[in-house]
């Protein structure tokens, strides 16, 4: 499979994503500069973490206007798979590809630590390989990771099973103490209505090898690959 990993000024997790896709999972991955207007025949797009444009104005607010985002918009509109990680999640929300917004952590402090996630549903291209009941131990590193949305949007996310990841404690419970940033409903990640665009604040690319203390994040990338393989095996539409 061919992955496009976007690269903005001050991206700092782009190389990590490329490493996981190429060296851990054995697939093709190339960096796509923010000024490019083509995704180069990618099968899926990763919008990585970092501090695009120095987080000026607010996180993701400038990156959404980069030329490459027009290509991402078109790719997603045609059903292409897009995963935003940390700053990538923020960019996707700013670009309108995902609802809601990421605002300052309730502590008003940058949080850098390992947390536990649960995936409430396997029904998405990003969670289909996560065993039922398995918790993921992955790191976070953000100052503006508090997910916020109005009541109508939250109701839609719940009703449509679009909350893909939640912060939980070691027993799998979405407690307030397990919530590192104050996100509503302990939300760590969501998907769009078509379920082909998703974003999460934790960093699965930093937890894809045992050498790093956890390989749990690899399950998210394996879910994406499983969906891509299934799509490739389907007969073309008449």
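The values are calculated or read from the model by the stated rules, or taken from the named source; none is laboratory data. Remember, it's a predicted structure, so these values are computed and weren't measured experimentally. Cβ sites come from the backbone with ideal geometry, for glycine too, and all protein chains shown count toward neighbours.
For region 191-238, what are the residues that are part of a loop (DSSP other than H, G, I, E, B), within 20 Å of residue 75 (Cβ to Cβ) and modelled with pLDDT of 95 or more?
192, 193, 194, 195, 196
Report, by residue number, each residue of region 8-23 that is farther than 10 Å from residue 205 by Cβ, in contact with a strand residue (DSSP E or B) (Cβ under 6 Å, 6 or more places away or on another chain) and touching a residue at least 40 places away in the same chain (Cβ under 8 Å).
10, 11 - these are the residues of region 8-23 that are farther than 10 Å from residue 205 by Cβ, in contact with a strand residue (DSSP E or B) (Cβ under 6 Å, 6 or more places away or on another chain) and touching a residue at least 40 places away in the same chain (Cβ under 8 Å).
Restricting attention to region 24-43, does a residue exist that is more than 15 Å from the chain's Cα centre (by Cα), assigned to a helix (DSSP H, G or I), over 16 Å from residue 86 (Cα atoms) and without any contact (Cβ under 8 Å) to a residue 12 or more places away in the chain?
Looking for residues that are more than 15 Å from the chain's Cα centre (by Cα), assigned to a helix (DSSP H, G or I), over 16 Å from residue 86 (Cα atoms) and without any contact (Cβ under 8 Å) to a residue 12 or more places away in the chain, one finds none in region 24-43, hence no.
Please pick out the residue among 193, 144, 205, 113 that is surrounded by fewer than 14 Cβ atoms within 10 Å (Cβ to Cβ) and in contact with a strand residue (DSSP E or B) (Cβ under 8 Å, 6 or more places away or on another chain).
113
Does residue 123 meet the test of being in contact with a strand residue (DSSP E or B) (Cβ under 8 Å, 6 or more places away or on another chain) and modelled with pLDDT of 95 or more?
no
Among the residues of region 174-190, write down those that are assigned to a loop (DSSP other than H, G, I, E, B) and in contact with a strand residue (DSSP E or B) (Cβ under 9 Å, 6 or more places away or on another chain).
174, 175, 178, 179, 180, 181, 182, 183
What number goes with the only condition from (1) over 17 Å from residue 13 (Cβ atoms); (2) in contact with a helix residue (DSSP H, G or I) (Cβ under 8 Å, 6 or more places away or on another chain) that residue 76 does not pass?
Every listed condition holds for residue 76 apart from (2).
Every residue in region 86-107 that is at positive phi and in contact with a helix residue (DSSP H, G or I) (Cβ under 7 Å, 6 or more places away or on another chain), please.
Listed by number, the list holds a single entry, 100.
Filter region 60-69 for residues that are more than 10 Å from residue 34 (Cβ to Cβ) and either assigned to a helix (DSSP H, G or I) or within 15 Å of the chain's Cα centre (by Cα) (or both) and give the result.
Result: 60, 64.
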